Amino acid sequence: MTDLRTDDPAASDLATFRVEATRFLDDNATLKAEASAFVWGQGPDDPSLFEEVDREAEKLALAESQAWRAKKYDAGFGWIDGPVEWGGRGLSRQHARAFAELESRYEVPTQGFFTIGLGMVAPTIADHARPEVAAELLPKMYRGDIVGCQLFSEPGAGSDLASLQMRAERDGEEWVVTGQKVWTSGAHYSDIGEVICRTDPDLPKHKGLTGFVVDMRAPGVEVRPLRQMTGGANFNEVFFNEVRVPDSWRLGEVNDGWRVALTTLMNERAAIGGGPRGGGFTRLREMTRHFGLADDPLVRQKLIDIYVNGMVLRMNNDRAMAALKRGQLPGPELSGAKLLLTENMRRTSDFVSTVLGPRLTADTGEWGTFSWSGYVLGMPGMAIAGGSDQVLRNILGERVLGLPKEPGIDTTSPFKDLKVGTQRSDD
Ligand SMILES: Cc1cc2nc3c(=O)[nH]c(=O)nc-3n(C[C@H](O)[C@H](O)[C@H](O)COP(=O)(O)OP(=O)(O)OC[C@H]3O[C@@H](n4cnc5c(N)ncnc54)[C@H](O)[C@@H]3O)c2cc1C
């Protein structure tokens, strides 16, 4: 039972909050079985990095996720550290983290539908939208009433995002948006999107861009699914054909969209860094035991490599969190976090491929074997989304190690005054 005795008012407040949160969770969700109770062959066995459900099942899952968000929001746990004037509760980041930690102990509907909207789009709206637009959209987003997506990448602009070509032309109090985006995760179930457009093609590439919030149901928006090698279709091509966007939904100043994009990208890496990790070490260890490979020196070496690097990743994230707690912005550790995560995912992918062999390619129905194919096939996407491994290495090399800059198209870097780890590519 929580001990409420303390002389520190902030700690006491946090302790009271934890009691209140636990009561809410006890009343509305089921406590998960203890993690230590993992037994090979029991429980769910799907470690996939992307959910592979058909559109009907996805709709049902979204409805459940939205219902859970609404319930949390109405009870005061939907946006714990958000400003009160925008529907938040006005408590500290520590309170928000305490709730997240408690919630992770319960069986609740997946909150993956909101990763991009709340992890990346909402912070950008909070920083760059007009106050009345933020006041209109943010409570709906945090309550789960509307879902957001990120419309940045184009067929000719990914790592080199500033090369994007989608046009927005001003027409009175509106903008007319025409062009194509690609790889837009969740566009098919999103209500709004954050889009970066070219508003002045005569300015240098980082300077002629402007950000907007767009209504994904507006006339002229067409979403077409893209099927990935895992079999699912999590992302899409999105075509804009003369879509009208009110000027009031502009993010930031005209032609200052690169700054808006950087806000989103800075949050993107943190959102992915804290995202799905897959199997967990115990599961891998039990897999080697189950297949009689626990004494194989090469298998043991690969396994311990995953463990050690997992610890490094955790310590690195703790260091970033400690900096945030002290009110400082984390520096290189945030830039390295996504790279460390995907590198360990690649080790895990190689490890399960070694241990499972042909069981990965043919489904024999055996528990905990073929299901790993979703992880192995999804892994390469994780190493590309939100800044590819190569681009992150460039950033670390140049900005942390001070190595010479890669040759680029532009003669001057638009990043010279920015913190480490905010750009997809630096050329
Ligand atoms: C699962 C997934 C989800 C995604 N979701 C979204 C989304 O919701 N919204 C959105 O806007 N985008 C999304 N993307 C797109 C993603 O941001 C881009 O794929 C990514 O930025 C890379 O761009 P690209 O695909 O154009 O590849 P490119 O930039 O063409 O890169 C191709 C290859 O060249 C390498 N490369 C590029 N530049 C350099 C360089 N300077 N130095 C060394 N190597 C380099 C890259 O590492 C890569 O291996 C998603 C991608 C994935 C895989």
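Since every read-out is calculated from the coordinates, none of them should be taken as a lab result. A quick note: this is a predicted structure, and the numbers were derived from the prediction, not measured. Reconstructed Cβ throughout: ideal geometry from the backbone, glycine too, with neighbour counts over all protein chains shown.
Things to note:
- Size of electric dipole in the chain: Cβ of Lys, Arg +1 and of Asp, Glu -1, about Cα centre, debye, nearest 20: 900
- Subtracting the Cα-Cα distance of residue 135 and residue 74 from 0.36 nm times their residue separation leaves 20.3 nm of extension gain.
- Principal-axis tilt of helix 131-143 within the chain, Cα atoms, nearest 10 degrees: 20
- Of all segments of the chain bounded by GluC sites (Glu not before Pro) found in a DSSP loop with no more than 10 other C-beta atoms within 10 Å, the longest spans 174-427.
- The angle separating the long axis of helix 297-325 from the principal Cα axis of greatest extent in the chain is about 50 degrees.
- 25 Å Cα-Cα threshold exceeded, pairs from 181/205; 302/338; 207/325; 71/338: 207/325; 71/338
- Full extension of the chain segment joining residue 176 with residue 318 gains 46.7 nm, where the gain is 0.36 nm per residue of separation less the Cα-Cα distance.
- Per residue, the convex hull spanned by the alpha carbons of the range 277-400 comes to 115 Å³.
- Among 178, 288, 369, a tally of other beta-carbon atoms within 10 Å of each Cβ gives an order, fewest to most, of 178, 288, 369.
- At 0.890 mPa s and 25 °C, Stokes diffusion of the chain via Kirkwood alpha-carbon radius, µm² per second: 105
- Likely footprinting exposure, 74, 160, fewest C-beta neighbours within 10 Å first: 74, 160
- Ordering 16, 364, 199 by the number of other Cβ atoms within 10 Å of each residue's own Cβ, fewest first, gives 364, 16, 199.
- Of every Cα-Cα pair in the range 143-287, the percent that sits beyond 20 Å: 50
- Whole-Hz ³J(HN,Hα) from phi, Karplus 6.51 cos²θ - 1.76 cosθ + 1.60, for the range 107-120, glycine and proline x: 7, 9, x, 3, 9, x, 4, 9, 4, 6, x, 8, x, 10
- Considering only the chain, percent of DSSP beta bridges that pair antiparallel, nearest 5: 85
- Once the Cα atoms are used to define both axes, helix 373-382 deviates from the longest principal axis of the chain by about 40 degrees.
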